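The next block holds one structure in the form of structure tokens; read it before the comments.
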Amino acid sequence: MRCMMNKKTAASLSRIILTSLVMLLSIAAMSSATNIIWDNGNGDYNWNEPLNWIGHAVPGTGTDQYARIRTTAGPVFSGQTANVYRIYLETAGNGTLTMNSGTLNTVNHIYAAALGTDRATINMNGGDVNVGGTFYVARDANSVADVNLSGGTITCAELSISIGGKINITGTGTLIINGDAIATITPWINSGWIKAYNGVGTVIVDTTTTPGKTIVTGLLSYKALIPNPVSDTNKVAVNGTNLIWRPGFGAASHDVYLGTDSNDVNSANRLLGDLNEDDTVDLNDISLLTEYWLQDPTGTDPNAGVNDDNIVDFIDYALLAQDWMESESPVFKGNQDANSFSPGTLAFDTKYYWRIDEVNGPDTVKGDVWNFATQTGKASIVTPLNGEPNVLSRAVLVWTADVGAISHDVYLGTTNPPATLVSDNQTATIYNPGGAIVNSITYYWRIDENYGATTIQGDVWNFTTINEANEPDLVFVQASDPQMGWSSCGGTMGYLWGTTIGKINNINPDFMLVTGDLVDNSTSDPQVATYKSYKSALNPTIECFEVPGNHDLGEPPDQAKYDRWANNYGYGTAPGAVPWYSFAYGNSFFIGLDTVVLCSPFNGQDVNEMNWLTQTLTDANTAGYDHIFVFMHYGFTGDKWGGAPARAAELKALLQEYHVKAVFDGHTHYDAYAMYGTLEDFTTRSCTCNLGSSPPPPGVRIVKVYSDRIEQEVRTLDSLP
């Protein structure tokens, strides 16, 4: 049977066939262009020769141009210039690239060892490789890559090295990374992934010569390098400090020089003729040298030759004569094999100079003179600052002990210098004068540091207390959401909560408020124990008042959780306790609320709390307090009242009706402020870990209460003394 079709059908079919053919050709071309594979087909190793690429097309800079090199017979640059989008040096065939001179530019990345278990190699002897994206050295876990950077420059936007990757820098080889990459590459240098001269040299990292660039080079030095303490370091401990250095190349031993005069240290030399090491060259040394001559002139004793060549000859007598009757400089501390020297106990507040000469047989390489200054031994002032005015009469004295101080003597008085020793041999670095400080007086104080048998007298500092009319009636600190055990900040929560307690001790408020989420998991005994352990360091004169958050009670709460709260934190006696309460301080009244139950009621406890609150506010108004303050976990600006908007409106109206001055709350892990009529709502960040795209650092809110106003500010932990 013959099939017949009209012209329209035939034309349509032709278009379909033509379109399909074009698509197939496009796919084939795309596939070919995506993987342009090097085969060195022309045998001349020239990147720009089309015959060296399968398909006879040199890869270009289009986004689909992937140059893949899978052979040790890879491209060799000797003056050529090439531009490509991306390069893969694949370990599946030991991909190798050699640069002797010329330039290779990639728009995107270079993957050295992108897959497989063999080895990829870049031999960089000269020229320039410029990587517009990331330079990957051993991209995958099983791949291996060696970059032998002996000359030329590799410049990249970013560097990435995996465990199988190594960059060995020698000669004039230079690696340049955009930006400050010190934090990124330091672990790789420490682990030997980036090394110099196969590990016997020193990797030099420079971010200052060319701003915005990290320049990495290798140095093979015959001198000692990398002193520790770093030269010009201050406050070096007088006890337990060791001098450490990186040995120079080929050094068999080290001459150590140490003193307090730079000229002495720079000019001193070891007396080679002091064979018996009694610090003087005399007849005893000649006798010893003669003994070596007669017994074994080619012996193996390291002292057999004055010049350490293990051969006794006339050269040794000449060198000994050169040192005749000279005495060893006291700055020479000896010749030793180890690259670490213990100077023993150093003097306080002294600048030391030191030098290491590298010795290899008869050859000595003189080292540079380095220096460091020891600790003063004096305490450092923290608060009040020297000369600070308007210091509250509740102020405590806080200082930083110098390294190694065992205890501290505190002097405080109104004369300069202070004559009264108010605390003797105390171990704490904080002193609370209690009622000894009064208003409008200049006080002088001093801390003497005790180091066993040595006492270092401190500097005299002073401060002036505030006029009595400007002294607040009370000061309290609000800390919120310590949330022990929360994983968002890793293992820092306990440390930061402990830091918060220490800072509050230094502020010395009348009391502190913790507005909820003390722990992350309400049923976790270890989290509760951690919270309470750090809180136990709070000065006993500073009372702590807490209210529960949603993580403390769960949602919804129940009586068992209330009982657990009461047992852990107080403010009621289980069973039957409720976590709302009030207290008065001076002429101010404080109310702590459980907002968790107001948003998630159970057994009518939300109604009970509101009834209690109404009566408490009524009584407080009748009593005529200057201020009424409320502290709770959920603020009105938070997200939890969405399920209970009527209760939020009721609570807000009640607080306004009874003239509450301010509400202090947390929960959100950031700061917020709102005002409802005359009611102010202060939401305070977490004291340990915060939220948001740019989370604020941990902090607390400090509130000063006067009869007619309050003053408040949020302070980060780092900004507090």
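Readers should treat all values here as calculations from the given coordinates under stated rules, not as data from a laboratory. Quick caveat: nothing in here was measured; it's all calculated off a predicted structure. Quick reminder, even Gly has a Cβ in these numbers, built from the backbone with ideal geometry, and neighbours come from all protein chains shown.
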*aspartates and glutamates within cross-link reach of residue 378: Cα-Cα under 18 Å, excluding same-chain residues under 8 positions apart?*
349, 402, 409, 424, 448, 449, 459
_Segment residue 714-residue 621, length gained on full extension (0.36 nm per residue, minus Cα span)_ = 30.6 nm
*Treat each spin label as a single point 7 Å out from the Cα along the C-beta direction, and report the residue 295 to residue 439 distance in nm.*
8.8
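Rounded if a/c is under 1.5, else prolate if a/b is larger than b/c, else oblate: which is the stretch 474-719, with a ≥ b ≥ c the root eigenvalues of its Cα gyration tensor? Numbers along the way, then the final one.
Working: a/c = 1.40, a/b = 1.14, b/c = 1.22.
Note, shape of the stretch 474-719 comes out rounded.
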_Peptides 403-409, 145-151, 227-233, 374-380 ordered by average Cβ neighbours within 10 Å, highest first_ = 145-151, 374-380, 403-409, 227-233
*Given the Cα-Cα distance of residue 182 and residue 649 and 0.36 nm per residue of separation, how much length would full extension add, in nm?*
162.7 nm
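Calculate for the chain the 222 nm mean residue ellipticity that helices alone would give, adding -39,500 (n - 2.57) per DSSP H run of length 4 or more and normalising by residue count, nearest 500 deg cm²/dmol.
Details: 12 runs with 143 residues, N = 721.
Value at 222 nm, helices only: -6000 deg cm²/dmol.
Taking the highest mean first, how do the peptides 414-421, 120-127 order by number of other beta carbon atoms within 10 angstrom per residue? List each step's numbers first, then the result.
Numbers: 414-421: 12.9, 120-127: 22.9.
In decreasing order of mean packing, 414-421, 120-127 become 120-127, 414-421.
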*Structure shown: which of 195/351; 532/661; 535/652; 535/704; 561/661 lie over 26 Å apart, alpha-carbon to alpha-carbon?*
195/351; 532/661; 535/652; 561/661
*Using every pair of alpha-carbon atoms in the stretch 31-219, split the distances into 10 Å bins beginning at 0 and state the percent of pairs per bin, rounded to integers.*
11, 39, 37, 12, 2
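Order of 586-599, 349-362 by packing, highest average Cβ count within 10 Å first? Mind dumping the intermediate values first?
Values: 586-599: 23.3, 349-362: 19.4.
Per-residue Cβ counts within 10 Å, averaged per peptide and sorted highest first, yield 586-599, 349-362.
On a full-extension model of 0.36 nm per residue, what is the gain between residue 350 and residue 489, subtracting their alpha-carbon distance, rounded to one decimal in nm? List each step's numbers first, then the result.
Values: separation 139, 0.36 × 139 = 50.04 nm, distance 4.20 nm.
That works out to 45.8 nm of additional length.
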_Less than 19 Å from a label point 7 Å out along the Cα-to-Cβ axis of residue 612: which backbone N atoms in the stretch 480-520 qualify, by residue?_
513-518
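Rounded to the nearest 20 debye, what is the charge dipole size of the stretch 522-621 about its Cα centre when +1 sits on each Lys and Arg Cβ and -1 on each Asp and Glu Cβ? Intermediate results must be reported in sequence, preceding the final value.
Details: 4 positive and 11 negative charges, 52 e Å.
That gives a dipole near 240 debye.
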*About the Cα centre of the chain, how large is the charge dipole given +1 on each Lys and Arg Cβ and -1 on each Asp and Glu Cβ? Please answer in debye to the nearest 20.*
4080
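With a cut-off of 8 Å between alpha carbons and a minimum separation of six or more residues, what is the relative contact order of the chain in percent?
This gives 6 percent for the chain.
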_Under 20 Å from a point placed 7 Å out from the Cα of residue 140 along the Cα-to-Cβ direction: which residues of the stretch 159-173 have their backbone N that close?_
160-166
*Which of these values of semi-axes √(5λ) of the Cα gyration tensor in Å was calculated from the structure shown: (i) 45, 36, 30; (ii) 64, 54, 19; (iii) 41, 33, 25?*
(ii)
_For a label point 7 Å along the Cα-to-beta-carbon line of residue 541, residues of the stretch 379-422 with backbone N under 14 Å_ = 392-398
